[in-house]
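Right, one structure below, let's go through it.
The values are calculated or read from the model by the stated rules, or taken from the named source; none is laboratory data. Since we're looking at a predicted model, the values are computed, not measured. Glycine also receives a Cβ, built like all others from the backbone with ideal geometry; neighbour counts cover every protein chain displayed. Ligands, DNA and RNA are stripped out before the accessible areas are found, and what is left, the full protein with its side chains, is counted by its heavy atoms. Shrake-Rupley method; radii C 1.70, N 1.55, O 1.52, S 1.80 Å.
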Amino acid sequence: MDKTELATWGNTSTSESYLREPDSILDLSGMLKSIGDKGCIARGFGRSYGDQPLNSDGDVIRPPSASKKLENLSSNGIATVKSSMTFAELLNQVVPLGWYMPVVPGTSYITIGGAIAADIHGKNHYRKSSIADHVESMTLMLADGDTIHCSKTEESSIFWTTIGGLGLTGVILEATIQLIRIQSSSVLVDRKSFKNFTELFETMKSQIDKADYSVAWLDLASKSNPGRGILETANHQELDEGSQFSYETKPLLALPRCMPGGLLRPSTIKKYNSLRFLLADKEKSLKENELSAFMHPLDKVRNWNRLYGKTGVIQWQVAVPEVSEHVLFDIIDSIHKAEAPAFLVVLKKLGPANQAPLSFPMEGWTLAVDFPAKHQEIHDCLDALDQEIVNVGGRIYLAKDARLNPDLIPKMYPRIDEWKSIRQNIDPNNRWQSDFSRRLDL
Ligand SMILES: Cc1cc2nc3c(=O)[nH]c(=O)nc-3n(C[C@H](O)[C@H](O)[C@H](O)COP(=O)(O)OP(=O)(O)OC[C@H]3O[C@@H](n4cnc5c(N)ncnc54)[C@H](O)[C@@H]3O)c2cc1C
């Protein structure tokens with residue numbers, strides 16, 4: 001069998017591996033018996049920023065996907081979904097029936113398996129927690145090829161180790177998820193711009209209780225007001241007589257493969273941010289918006305990661321505990337002073353953590369920053385910030401990491417030994433491996 005070159009969304013590394021695409025669960029179980037020393041890892045849609053679904057010189061498995069049609073949706077909104085189904089495929093089918101996923105990521109092009117393996121959160125973690133909260137149960141193929149059913153009450157330690165476990169406990173085959181009722185496929189969005197971070201942050205805190213969703217976009221490139229930004233809060237629309245439910249996720253524009261690498265220079269970022277501000281100030285602040293456009297604004301441009309050229313993009317996403325919110329100001333200041341070209345900077349509120357040892361969210365705030373990977377000064381600046389985050393009890397989002405020092409993992413995820421011990425019990429021969437697990441010694 002020839003190797004296939006695989007990459008991820010961040011495009012910072014590629015890897016050659018044996019790509020396996022089993023037709024059925026039986027086929028997958030058989031394949032596991034012939035896995036070599038480098039082990040294997042499941043792959044969803046490859047939307048990780050880092051090396052999570054890569055396995056150089058080993059095997060990479062795409063879970064079987066017999067049909068993209070949702071076969072099982074009960075009258076009370078409980079859906080059983082194949083792990084290879086994307087959010088776009090699922091939402092296109094359930095939104096017209098008046099149902100929605102309680103937790104939705106910033107792109108609709110990730111799979112249900114990838115979402116559970118990362119324990120994703122959305123713009124409403126403070127209301128709806130992460131996806132784990134809504135997964136009633138899942139079926140998982142273990143290293144020996146056996147399939148188990150697990151939930152919060154059945155094989156619960158395996159369930160919680162798999163949540164946020166980035167594929168290192170087995171292949172999720174399907175999940176049963178409780179959906180939420182919606183009365184319309186639009187949201188009422190309140191969009192306001194703020195000239196400095198203090199004002200934006202205070203307003204965000206004071207409005208959080210009134211909004212179903214809340215997210216802020218920050219401008220760290222502004223010379224005079226780093227941290228100025230645009231705050232968006234949104235609420236599901238109530239029943240609108242005669243309104244049609246729809247969920248449009250198709251991109252409107254595609255970027256070509258060969259984009260010039262230096263497109264995202266500090267000067268272009270500054271101009272783009274200023275334009276965004278100008279437009280936000282001109283628009284009406286209260287506006288009805290399609291749910292899909294509000295949830296996944298970047299999906300309108302297919303392959304927008306190509307803007308970063310061949311060297312790719314790093315996303316640094318941190319969680320900062322509520323009591324240490326002042327650190328957000330330090331981060332903004334440090335990135336600004338380092339003159340690091342931060343393109344996309346997003347702030348969200350997080351609610352309480354769950355029971356999964358590797359789940360990322362914790363009560364407080366999360367800040368995600370996209371950088372072109374080629375600038376070495378960024379790496380030095382982020383290494384120093386990682387240390388500051390550890391000192392206040394915060395953590396990096398492992399599902400997006402491409403560069404973390406492995407020594408910091410036990411400090412960021414203090415239950416890592418418990419996670420490793422359960423993993424060792426169910427996979428004594430280390431069958432599940434990835435470039436990510438080797439890099440971070442997991
Ligand atoms: C534009 C963009 C926006 C994003 N927004 C958010 C956001 O708002 N919130 C958030 O939390 N995350 C967000 N993410 C991160 C994204 O949700 C995760 O990286 C997710 O894991 C990607 O899913 P995927 O299907 O592409 O999986 P892949 O990237 O292919 O794999 C991701 C991990 O999941 C594992 N995995 C995949 N399928 C299975 C399976 N069937 N069984 C077991 N393990 C499996 C892989 O082994 C790997 O470790 C965003 C990413 C992008 C690119």
Checklist line | Under 16 Å from Lys270, Cα to Cα: aspartates and glutamates that are on another chain or at least 8 residues apart | finding: Asp219, Glu339, Asp370
Item checked: Carbon + sulfur, % of accessible area of the chain - ligands and nucleic acids excluded, 1.4 Å -> 50
Item checked: Solvent-accessible surface (1.4 angstrom probe) belonging to Ile25, in square angstrom, nearest 10 -> 80
Notebook entry, point to check: Using modelled amide H (1.01 Å from N, peptide plane; none on Pro or chain starts), what sits under 5 Å from the amide H of Leu179, excluding residues fewer than 5 places away?
Noted result: Ile78, Ala79
Notebook entry, point to check: Leu298: accessible area at probe 1.4 Å, nearest 10 Å²?
Noted result: 70
Checklist line | trypsin sites (Lys or Arg not before Pro) within the stretch 9-74: DSSP coil, no more than 14 neighbouring Cβ in 10 Å | finding: Lys68, Lys69
Note to self: Going through the cross-link list Lys271/Lys400; Lys310/Lys337; Lys69/Lys284; Lys210/Lys300; Lys128/Lys310, which pairs have a Cα-Cα distance over 31 Å in this structure?
What the structure shows: Lys69/Lys284; Lys128/Lys310
Item checked: Accessible-area order (highest first, 1.4 angstrom probe) of the listed residues Asp144, Asp209 -> Asp209, Asp144
Check: Given the C-alpha centroids of the stretch 336-356 and the stretch 386-416, what is the distance between them in whole angstrom?
Finding: 14
Next item on the list: Can you spot the lysines whose alpha carbon is less than 22 Å from Lys38's alpha carbon? Ignore those fewer than 8 places along the same chain.
Entry: Lys3, Lys420
Next item on the list: Would you check the accessible area of Glu238, probe 1.4 Å, heavy atoms only, in square angstrom rounded to 10?
Entry: 130
Notebook entry, point to check: For the stretch 288-294, what does the Karplus curve 6.51 cos²θ - 1.76 cosθ + 1.60, with θ = phi - 60°, yield as ³J(HN,Hα) per residue in whole Hz, taken in order and with x for Gly and Pro?
Noted result: 7, 9, 5, 3, 4, 5, 6
Note to self: Quick check: with the 1.4 Å probe, what order do Thr4, Thr153, Thr14 take by accessible area, largest first?
What the structure shows: Thr153, Thr14, Thr4
Note to self: Sort Asp119, Asp380, Asp23 by heavy-atom solvent-accessible area, probe 1.4 angstrom, most to least.
What the structure shows: Asp23, Asp380, Asp119
Next item on the list: Identify all lysines with a Cα-Cα distance to Lys68 below 17 Å; exclude those on the same chain that are fewer than 8 residues away in sequence.
Entry: Lys82, Lys250
